[in-house]
Amino acid sequence: MNSKVLFNEGKNYIPGGVSSPVRAFKPYPFFVKCGHGSKIEDVDGNKYIDYCLAYGPLILGHSNEELVKSIYEDLKLGTAYGAPTEAEITLAKKVVDRVPYVDMIRFVNSGTEATMSAIRLARGFTGRNKILKFDGGYHGAHDYVLVKPGSGGATSPDSLGIPKDTTKNTLSVPFNDENILEKVVLENKDDLAAIIVEPVMANIGCVEPKVGFLKLLRALCDEYGIILIFDEVITGFRVSRGCAGEYFGVYPDLATFGKIIGGGFPMGAFGGKKELMENIAPAGKVYQAGTFNGNPISVKAGIFTLDKLDHIFYKSLKDKGDFIRNSLEEFKDENLLNIQVVGLASMFQIYFNDKPVLNYELAKKSGTDNFSYYFNHLLKNGIFIPPSQFECCFISNTHSQEDLEKTVNIMGDALNLIK
Ligand SMILES: Cc1ncc(COP(=O)(O)O)c(C=O)c1O
């Protein structure tokens, strides 16, 4: 069956024909047959250079041969035990060794669970109720954080079904705006348990913090006894060996992880200072549990993946990112285009916007029709990027120079046509 037929059939059984909203795009998404290295192949016989990479986890590309072989052996030993394994300690030690602000870690099943649990821990530790997030920050699909969330553009999750009582303690302020931040923190400091932030806002495209912004967060949290949570579900093990806190030189009290930490298998985690983490059950009184927590297959894939990610790996990925960003910048200057080229390390995006994008409000002013045209032109020519202006593109170590050159040429064609 082809993608069109599958989509029409799928809609009868699966809401909207997809298992997560951002996967739906018009007229219908392609259905995947397989992925290898930098390429993903659909059931219609098309092959794409993939910059979606499952929305971030596949930093080693699709179906890394060595990883698949070793996981195949692991599978023969069982897929879940409901009892601890040595591999969990191995992975925990690897994270602690890399990430300067993580002393202890709890493995969960998704980024959503990670942020939900980290928020509970912050509330349990401080005895306070409120949390502060940033407009357009996406921290998963649980009730407390679906307040002005990013991710998904047209499918942005301003969801029904969330009681006002549940979100009355969730404050949201613009990213990169020191004045509003300081005002809201001061007004709420006595009941503010946590500030949760994506150190790079990667669910409104790709927006970096202004110089000093994360430092200001750290200072406010220190001054008022607020727990600073970096949501590193995207930036964790993506921007540098020691994650975004190391990259920007600002350490949070807690960090949440997902995507790369499971090496392409479902997993999330949260970790941080020992004095905080020791409050997690059964060591402490903040409850957190899960049948599949620390799943042996995800943990093994995580270990395999982290073992590949050394400084040389990150340098090479950054070079690939620089190649794409610089090529697009040159193209922009030569053709006087009204676009913004953004990103860092192996993350990139363009905004169809004539002004720099510093926050969600400004991101929303970008030309989504132009983005749609750009996305479709790329897709027709064998390049797959996330279908929304408000997502970020990712690069893996399997993207070759030939892939990158082909990509920037086709991006250039698309931008010329739009102009
Ligand atoms: C920054 C951030 N936090 C949390 C999540 C939720 O992670 P998951 O989809 O694994 O539940 C995402 C998902 O994209 C994310 O980008």
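At a glance:
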| quantity | calculated |
| --- | --- |
| Among the residues listed as Phe107, Phe125, the single one being in the same structural domain as Gly205 (by TED's automatic domain parsing) and within 16 Å of the ligand (Cβ to nearest atom) | Phe107 |
| Residues that are closer than 15 Å to Ile59 by Cβ, assigned to a loop (DSSP other than H, G, I, E, B) and aliphatic (A, V, I, L, M), drawn from segment 224-277 | Val233, Ile234, Val239, Met267 |
| Count - residues of segment 7-28 that are surrounded by fewer than 18 Cβ atoms within 10 Å (Cβ to Cβ) and either more than 16 Å from the ligand (Cβ to nearest atom) or more than 29 Å from Gly140 (Cβ to Cβ) (or both) | 10 |
| Residue satisfying all of: in segment 338-367; polar (S, T, N, Q) and under 20 Å from Val408 (Cα atoms); farthest from the chain's Cα centre (by Cα) among these | Asn338 |
| Long-range neighbours under 6 Å by Cβ, at least six apart or interchain, first residue under 17 Å from Asn416 (Cα atoms) within segment 362-376, second assigned to a helix (DSSP H, G or I) | Asn370/Ile418; Tyr373/Ile418; Tyr374/Ala414 |
| Candidates Thr90, Thr115 - the one that is closer than 17 Å to Gly268 by Cα, touching a residue at least 24 places away in the same chain (Cβ under 8 Å) and surrounded by fewer than 18 Cβ atoms within 10 Å (Cβ to Cβ) | Thr90 |
| Segment 376-397, residues that are buried (at least 21 other Cβ atoms within 10 Å of the Cβ), part of a loop (DSSP other than H, G, I, E, B) and not small (Gly, Ala, Ser) | Ile385, Pro386, Pro387, Gln389, Phe390, Glu391, Cys392, Ile395 |
| Residues satisfying the stated conditions in segment 158-173, i.e. at pLDDT 95 or above and hydrophobic (A, V, I, L, M, F, W, C) | Leu171, Val173 |
| Test: residue in segment 165-172 that is more than 16 Å from the ligand (Cβ to nearest atom), touching a residue at least 40 places away in the same chain (Cβ under 8 Å) and part of a loop (DSSP other than H, G, I, E, B) | yes |
| Complete set of residues in segment 56-78 that are under 18 Å from Gly343 (Cα atoms) and either assigned by TED's automatic domain parsing to the domain that holds Val239 or out of contact with any strand residue (DSSP E or B) (no Cβ under 8 Å at 6 or more places or on another chain) (or both) | Pro57 |
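The values are calculated or read from the model by the stated rules, or taken from the named source; none is laboratory data. Remember, predicted model here, so these are calculated numbers, not experimental data. Here Cβ is always computed from backbone atoms with ideal geometry, including for glycine, and neighbour counts include all displayed protein chains.
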